[in-house]
Amino acid sequence: MTEIIDGKKIAAEIRGQIKEEAKRWAAEGRQPGLAAVLVGDNPASVIYVRNKRKACEEAGIYSEEHKLPETTKQEDLLKLILRLNNDPKIHGILIQLPLPKPLDTDRVLYAVSPKKDVDGLHPNNVGRLTMGSPVFVPCTPGGVMAMLDYHKIPIEGRRAVIVGRSNLVGRPVGLLLMHRNATITICHSRTRDIAAVCREGDILIAAIGKPRFVTAGMVKEGAAVIDVGINRLPDGSLVGDVDFPEVSRKAGWITPVPGGVGPMTIAMLLKNTLESAKRNL
Ligand code: NAP
């Protein structure tokens, strides 16, 4: 029997725990705070930031949004980040990606104080993660790990295949699994015979951005299949990188899209903001 990993339910439990803890801190006048920076009006980014702020409000975390025009100059964005770095109300700074083209994403991410880098994208935090002693675990990879743990899916000694090697998802999730003693393989667009490689995975993570790329023929019987992808089809519906109807007949565990990894990412952002507040207050 395939178990469906209900990200919405797991995330709601985590958010409930965060709410309790944030309430205790706020009662002592030490409310955690998140600043979201949105440049331009990419429709998906606007929705992501709105959802993240709504989740903060529900969890009792202070949040503020800095919405800047598409034409914002790099210096102005860096000045805002510097101000937020020094603002004692703010414990987490979220730069919503992607940034409009002329802006230098790396320079902008490097400008965020590593102490407030709740997305875990600053090189100091990437380095700490690589060394196995993360300060902030990046939110989506952290969410994937929390789902595996919630369902007590064995990691140690297992083969984990990750499809996608982005700094945001594929690479950090590979590191987290390796630190938990999985044997990892990270695939990308140049991987040869990707189907055969994927079939070796006791855990298969898809983070590519290609609708229904992973078919049943690419999955080992009984594997845990985690679908990070979010793809909007021309008819407006959302699908993941995994062909859910087919693969769910073969997998041992599987995440749906929507309602899988997405809600976990937001829960982990709240968790990182709370932890940052506890460290820095
Ligand atoms: P990304 O930066 O575009 O990276 C995509 C990765 O997939 C790259 O490493 C690329 O390989 C690889 N790839 C692309 N086509 C491939 C193919 N045909 N075969 C094998 N590998 C292929 O994407 P991302 O930021 O990691 O995001 C991936 C997906 O996750 C997107 O759908 C995104 O919307 C979603 N996402 C969801 C959440 C969430 O909260 N659920 C969070 C973040 C991202 P190369 O490196 O060789 O180009």
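Couple of notes before you dig in:
- Per the conditions (1) within 12 Å of the ligand (Cβ to nearest atom); (2) over 24 Å from Ile61 (Cβ atoms); (3) surrounded by 15 or more Cβ atoms within 10 Å (Cβ to Cβ), the sole criterion not satisfied by Leu168 is (2).
- Looking only at the stretch 241-273, and only at residues there that are closer than 21 Å to Lys152 by Cα and among the charged types (D, E, K, R), the one that is nearest to the ligand (Cβ to nearest atom): Lys271
- Counting the residues of the stretch 1-58 that are polar (S, T, N, Q) and part of a helix (DSSP H, G or I) gives 3.
- Scoring Ala27 on the criteria (1) buried (at least 18 other Cβ atoms within 10 Å of the Cβ); (2) aliphatic (A, V, I, L, M); (3) at pLDDT below 95 leaves a single failure, condition (1).
- Considering the conditions (1) more than 15 Å from the ligand (Cβ to nearest atom); (2) in a loop (DSSP other than H, G, I, E, B); (3) β-branched (Val, Ile, Thr), Val118 is excluded by exactly one of them, (1).
- Selected residue (only one of Met145, Met131 is free of Cβ contacts under 8 Å to residues at least 40 places away in the same chain, under 17 Å from Arg15 (Cα atoms) and away from the ligand (no atom under 11 Å from the Cβ)): Met145
- Taken residue by residue, the stretch 189-201 has at least one member that is among the basic types (Lys, Arg), farther than 18 Å from Ser45 by Cα and near the ligand (Cβ under 9 Å from one of its atoms).
- Restricted to the stretch 133-163, and to residues there that are under 14 Å from the mean Cα position of the chain (by Cα), part of a loop (DSSP other than H, G, I, E, B) and of a type outside the set (Phe, Trp, Tyr), the residue that is surrounded by the most Cβ atoms within 10 Å (Cβ to Cβ) is Pro138.
The values are calculated or read from the model by the stated rules, or taken from the named source; none is laboratory data. In this text, all values refer to a predicted model and were calculated from it rather than measured experimentally. Every residue, glycine among them, receives a Cβ derived from its backbone with ideal geometry; neighbour counts consider all protein chains shown.
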